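Undergrad: Just dropping this structure here.
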């Protein structure tokens with residue numbers, strides 16, 4: 001089975017945020033491609049990327065964008081694949097709110113799953129969870145990941161208790 005995720009962003013300035021999606025996908029052993037695809041500066045490239053994503057073996061697309069943040073929604077309008085939008089707080093951003101609202105407020109019929117501002121790691125986890133719906137190996141990796149998070153919180157609580165003494 002080809003568990004392939006597409007990670008796209010509108011600009012290389014988004015890479016600082018979007019590399020977190022790649023990092024968590026690496027952690028889970030999920031293959032991905034990563035590319036700059038601007039909705040405004042390369043609309044033909046964006047259209048071709050979204051239109052051919054399914055036939056190229058992609059299963060999920062993670063799209064990060066700042067400012068007007070049209071990339072996730074435009075890709076979702078073209079592809080049949082699930083799209084996860086990552087709002088990016090960019091240099092021309094209104095504290096990130098423009099990106100959040102642009103990605104979040106999609107019209108009925110064109111859904112984009114939206115994670116928190118700069119939360120590309122969560123987008124990678126969500127993409128892995130989507131792929132895990134028919135992949136037991138990924139289910140086990142996610143269960144281990146959740147158990148490790150649980151243990152980290154328990155350990156932090158133990159350390160906190162020690163500081164109180």
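The values are calculated or read from the model by the stated rules, or taken from the named source; none is laboratory data. Worth saying up front: this structure is predicted, and the values here are computed from it rather than measured. Cβ coordinates were reconstructed from backbone atoms using ideal geometry, including for glycine residues, and neighbour counts include every protein chain displayed.
Undergrad: Would you confirm whether or not the stretch 91-101 contains a residue that is in contact with a helix residue (DSSP H, G or I) (Cβ under 9 Å, 6 or more places away or on another chain), assigned by TED's automatic domain parsing to the domain that holds residue 10 and not in a loop (DSSP other than H, G, I, E, B)?
TA: Within the stretch 91-101 (the criterion being in contact with a helix residue (DSSP H, G or I) (Cβ under 9 Å, 6 or more places away or on another chain), assigned by TED's automatic domain parsing to the domain that holds residue 10 and not in a loop (DSSP other than H, G, I, E, B)), the answer is no, since none of the residues qualifies.
Undergrad: Restricting attention to the stretch 76-97, does a residue exist that is at positive phi, free of Cβ contacts under 8 Å to residues at least 60 places away in the same chain and surrounded by 18 or more Cβ atoms within 10 Å (Cβ to Cβ)?
TA: Yes: the stretch 76-97 contains one or more residues that are at positive phi, free of Cβ contacts under 8 Å to residues at least 60 places away in the same chain and surrounded by 18 or more Cβ atoms within 10 Å (Cβ to Cβ).
Undergrad: Residue 53 versus (1) surrounded by fewer than 23 Cβ atoms within 10 Å (Cβ to Cβ); (2) modelled with pLDDT of 95 or more: which is the lone unmet condition?
TA: The single condition residue 53 does not satisfy is (1).
Undergrad: Quick check on my filter: what residues within the stretch 112-136 are assigned to a helix (DSSP H, G or I) and either free of Cβ contacts under 8 Å to residues at least 12 places away in the same chain or closer than 21 Å to residue 15 by Cβ (or both)?
TA: 120, 121, 122, 123, 124, 125, 126, 127, 128, 132, 133, 136
Undergrad: Being out of contact with any strand residue (DSSP E or B) (no Cβ under 8 Å at 6 or more places or on another chain) and surrounded by fewer than 14 Cβ atoms within 10 Å (Cβ to Cβ) narrows it down to one of 26, 12, so name that one.
TA: Of the residues listed, the single one that is out of contact with any strand residue (DSSP E or B) (no Cβ under 8 Å at 6 or more places or on another chain) and surrounded by fewer than 14 Cβ atoms within 10 Å (Cβ to Cβ) is 26.
Undergrad: Answer with yes or no whether residue 146 is surrounded by 13 or more Cβ atoms within 10 Å (Cβ to Cβ), modelled with pLDDT of 95 or more, out of contact with any strand residue (DSSP E or B) (no Cβ under 8 Å at 6 or more places or on another chain) and in a helix (DSSP H, G or I).
TA: no
Undergrad: Name the residue that is surrounded by the most Cβ atoms within 10 Å (Cβ to Cβ), counting only residues in the stretch 102-111 that are touching a residue at least 12 places away in the same chain (Cβ under 8 Å) and in a loop (DSSP other than H, G, I, E, B).
TA: The qualifying residue surrounded by the most Cβ atoms within 10 Å (Cβ to Cβ) is 106.
Undergrad: If you don't mind, there's one more thing I want to ask. Report whether or not residue 125 is farther than 21 Å from residue 30 by Cα and buried (at least 18 other Cβ atoms within 10 Å of the Cβ).
TA: On the way: farther than 21 Å from residue 30 by Cα: no; buried (at least 18 other Cβ atoms within 10 Å of the Cβ): yes.
Here the answer is no, as residue 125 does not meet what is asked.
Undergrad: Do we find that residue 7 is closer than 19 Å to residue 129 by Cβ and buried (at least 17 other Cβ atoms within 10 Å of the Cβ) in this structure?
TA: Yes: the conditions hold for residue 7.
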